[in-house]
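K.L.:
Starting off with a structure, shown below.
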Amino acid sequence: MPVAMAGTLTNGALPLRLTPNIRVKNAEQLLEKLKRFRRDGTDALQVITDFDATLTQVFIDGQRASSCHSVVENFSGFPQEYKDKANATLAKYQPLEMDPNLPFDTKLKYMNEWWTTSHNLMVAQDIHRDTVEHIVDEAVRNKRFSLREGSHAFLEVCTNLRIPVTVLSAGIQNIIEELLRRESIAGLVPTAHHDTIGEDNMDLDAEEVHVVSNKMLFNEEGRLVDFSSDFIHTLSKKKYLRQYLERNPQRHARHNVLAMGDLITDVSFLEAVPSCKNSIAIGYLNYQEKEDELLESYLDAFDVVILRDGSMDLCKQIIEYAATSETKDAGTESHDSSAVSTGCTGRIAGC
Ligand SMILES: [Mg+2]
């Protein structure tokens, strides 16, 4: 179904199936980027994605789902006193995170305070390594935590094509990996279950699914005693991605990047990929009531904006398109009945 959009239609037919909740500001530019993805092939491609509200569903059966941190904070096995403190912490710092008028250094200080407080509260619960599985299990059973529709198929395609996926998250690595393990994500290279203080056993060579996030650290008795030393939050993702890529030359060298996030700051991490020559940024604008306020800025930041908690299908289509040979669809591209022409001129997210 063609997408009704504001702006002047171009003659750039996209080889993608676009559902009505998808917006593309500059279809011609997106088409050029897609062609470069395909021309360079899957060996040049990598995926870098946010986790909470990007790989995960925001609403499940109409109810608001949980983030990694709130999955832990709402676990029934923890006392109400802990939940109250965690909620008070959220209420204090979340408005500061969203405040566009705070200077960067001030906001950075608050974010470090927030992550410190939140993690210290978790450590005080004396969480056992095995409890992580129960925490995720309860949240999934209560329909508060789930991969986004199409995420499994997307990750499966990436794994089958040996396209590396880096999940760069301000959440909690152990929680993310547990959900991915439950979902039998074949390419997952888990690290969390073997971690104790001082170890860094990330498999830096695998072209598979890696999670880069805040890591729970357990002692020899399996008790949570700390988190990885520095915090990955919305303001520090870029720094950690740069460090990660420096330790991972295979990913560092791949110059085409498919990036996904639900916040505009999620794609600023592309600046941390020095080898990046071409990127396609997908933004999830999940809240319908925020569309009027935020859509224009999202269209400025992302090549494609997916509204209303939409699926991951378009991301999968992009990967599949990149994996097709140019000879295969030469002569058929312009006649693809599913392709639509959309867009108007404007800035597009790049490297
Ligand atoms: Mg997110």
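The values are calculated or read from the model by the stated rules, or taken from the named source; none is laboratory data. Everything numeric here is computed off the predicted structure, so don't read it as measured data. Neighbour counts run over all protein chains shown; Cβ positions are idealised from the backbone, glycine included.
K.L.:
For region 43-92, which residues satisfy the criterion of being surrounded by 18 or more Cβ atoms within 10 Å (Cβ to Cβ) and hydroxyl-bearing (Ser, Thr, Tyr)?
P.N.:
The answer is Thr49, Thr54, Thr56, Ser66, Ser67, Ser70, Thr89.
K.L.:
Quick one: Glu320 ticks every box in (1) in a helix (DSSP H, G or I); (2) more than 24 Å from Arg38 (Cβ to Cβ); (3) at pLDDT 90 or above bar one, so which box is it?
P.N.:
Of the numbered conditions (1) in a helix (DSSP H, G or I); (2) more than 24 Å from Arg38 (Cβ to Cβ); (3) at pLDDT 90 or above, the odd one out for Glu320 is (2).
K.L.:
When you check Thr54 against the structure, is it of a type outside the set (A, V, I, L, M, F, W, C), within 30 Å of Ala272 (Cβ to Cβ), within 16 Å of the ligand (Cβ to nearest atom) and touching a residue at least 60 places away in the same chain (Cβ under 8 Å), yes or no?
P.N.:
Numbers: of a type outside the set (A, V, I, L, M, F, W, C): yes; within 30 Å of Ala272 (Cβ to Cβ): yes; within 16 Å of the ligand (Cβ to nearest atom): yes; touching a residue at least 60 places away in the same chain (Cβ under 8 Å): yes.
So Thr54 fits the description; yes.
K.L.:
In addition: Ile175: within 16 Å of the ligand (Cβ to nearest atom), assigned to a helix (DSSP H, G or I) and surrounded by 22 or more Cβ atoms within 10 Å (Cβ to Cβ), yes or no?
P.N.:
Numbers: within 16 Å of the ligand (Cβ to nearest atom): yes; assigned to a helix (DSSP H, G or I): yes; surrounded by 22 or more Cβ atoms within 10 Å (Cβ to Cβ): yes.
The answer is yes for Ile175.
K.L.:
Taking Thr159 and the conditions (1) in the same structural domain as Val212 (by TED's automatic domain parsing); (2) of a type in the set (Val, Ile, Thr); (3) within 16 Å of the ligand (Cβ to nearest atom), which numbered condition does it fall short on, given that it satisfies the others?
P.N.:
The one condition Thr159 does not meet is (3).
K.L.:
Counting only residues that are within 29 Å of Ile127 (Cβ to Cβ) and away from the ligand (no atom under 16 Å from the Cβ), which one in region 234-247 is surrounded by the fewest Cβ atoms within 10 Å (Cβ to Cβ)?
P.N.:
So the first thing to find is which residues in region 234-247 are within 29 Å of Ile127 (Cβ to Cβ), and the list is 234-237, 239-241, 243-244, 247.
Checking the rest, the ones that are also away from the ligand (no atom under 16 Å from the Cβ) come to 239, 243-244, 247.
Numbers: Lys239: 13, Gln243: 13, Tyr244: 20, Arg247: 11.
If we take residues in region 234-247 being within 29 Å of Ile127 (Cβ to Cβ) and away from the ligand (no atom under 16 Å from the Cβ), then Arg247 is surrounded by the fewest Cβ atoms within 10 Å (Cβ to Cβ).
K.L.:
Answer yes or no: is there a residue in region 144-153 that is of a type in the set (Ser, Thr, Tyr), out of contact with any strand residue (DSSP E or B) (no Cβ under 7 Å at 6 or more places or on another chain) and not in a loop (DSSP other than H, G, I, E, B). Walk me through it before giving the result.
P.N.:
Pass one, region 144-153, residues of a type in the set (Ser, Thr, Tyr): 146, 151.
Pick out the ones that are also out of contact with any strand residue (DSSP E or B) (no Cβ under 7 Å at 6 or more places or on another chain) and you get 151.
Retained after the next criterion (residues that are not in a loop (DSSP other than H, G, I, E, B)): 151.
Scanning region 144-153 turns up at least one residue that is of a type in the set (Ser, Thr, Tyr), out of contact with any strand residue (DSSP E or B) (no Cβ under 7 Å at 6 or more places or on another chain) and not in a loop (DSSP other than H, G, I, E, B).
K.L.:
Turning to a different aspect of this structure: Anything in region 253-303 that is within 16 Å of the ligand (Cβ to nearest atom), modelled with pLDDT under 90 and of a type outside the set (A, V, I, L, M)? List them, or say none.
P.N.:
Residues satisfying the conditions are Thr265, Asp266, Ser268, Phe269, Tyr287, Lys290.
K.L.:
Which of the following residues is of a type in the set (Phe, Trp, Tyr) and either away from the ligand (no atom under 16 Å from the Cβ) or free of Cβ contacts under 8 Å to residues at least 60 places away in the same chain (or both): Phe218, Phe231?
P.N.:
Numbers: Phe231 fails: either away from the ligand (no atom under 16 Å from the Cβ) or free of Cβ contacts under 8 Å to residues at least 60 places away in the same chain (or both).
None of the others qualify; the one that does is Phe218.
K.L.:
Moving on to the next point. Of all residues in region 35-51, which are away from the ligand (no atom under 16 Å from the Cβ) and touching a residue at least 40 places away in the same chain (Cβ under 8 Å)? Break it down stepwise before answering.
P.N.:
Narrowing region 35-51 to residues away from the ligand (no atom under 16 Å from the Cβ): 35-46.
Result: Arg36, Phe37, Arg38, Arg39, Asp40, Gly41, Thr42, Asp43, Ala44, Leu45, Gln46.
K.L.:
Answer yes or no: is there a residue in region 117-130 that is of a type in the set (S, T, N, Q), in contact with a Phe, Trp or Tyr (Cβ under 6 Å, 6 or more places away or on another chain) and either more than 16 Å from the ligand (Cβ to nearest atom) or at pLDDT 90 or above (or both).
P.N.:
Our first condition is that a residue be of a type in the set (S, T, N, Q); within region 117-130, this holds for 117-118, 120, 125.
Right, trim to in contact with a Phe, Trp or Tyr (Cβ under 6 Å, 6 or more places away or on another chain) and you get 125.
Remaining after also requiring either more than 16 Å from the ligand (Cβ to nearest atom) or at pLDDT 90 or above (or both): 125.
Scanning region 117-130, I find at least one residue that is of a type in the set (S, T, N, Q), in contact with a Phe, Trp or Tyr (Cβ under 6 Å, 6 or more places away or on another chain) and either more than 16 Å from the ligand (Cβ to nearest atom) or at pLDDT 90 or above (or both), so the answer is yes.
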